[in-house]
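The values are calculated or read from the model by the stated rules, or taken from the named source; none is laboratory data. If you're wondering where the values come from, they're calculated on a predicted model, not measured in any experiment. Every residue, glycine as well, gets a Cβ built from its backbone with ideal geometry; the counts of neighbours run over all protein chains shown.
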Amino acid sequence: MSTTTHQPVITESQHVAAVHRLACARQQHPQLRAAEANARVVLAAAIMAMDEACDTGPAVAEQAAVEQARHAYAVALADLIRGESNSCI
């Protein structure tokens, strides 16, 4: 299964700033770091389930689960970056 991903274009300084902010946030907010890590694992599991289902036919339910998990991961990551667990995504 081959997919094309579209990543937003960011500058080198934006990349460095994001890496720094993530590193600081992970140190300062261990509970939010754990929530982000858990959401990442849930997303990985959903992707694996979708890939397995695609081998046997349409995987509409699994694709929906991946989208839900992807949104949950985005929320957890935003919470971590912001240092709060009430993001508006």
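Going by the conditions given, is Gln28 out of contact with any helix residue (DSSP H, G or I) (no Cβ under 9 Å at 6 or more places or on another chain) and touching a residue at least 12 places away in the same chain (Cβ under 8 Å)? So Gln28 passes the test. Screening Arg33, Arg21 for residues that are surrounded by 15 or more Cβ atoms within 10 Å (Cβ to Cβ) and at negative phi leaves exactly one candidate, Arg33. Applying a threshold of 7 Å to beta carbon distances and a minimum spacing of six or more residues, or different chains, the list of pairs starting in region 36-63 at a residue that is closer than 14 Å to Leu77 by Cβ and at pLDDT 95 or above and ending at one that is in a helix (DSSP H, G or I) and of a type in the set (A, V, I, L, M, F, W, C) reads Glu36/Ala76; Glu36/Leu77; Glu36/Leu80; Ala39/Ala72; Ala39/Ala76; Val42/Ala69; Val42/Ala72; Leu43/Ala69.
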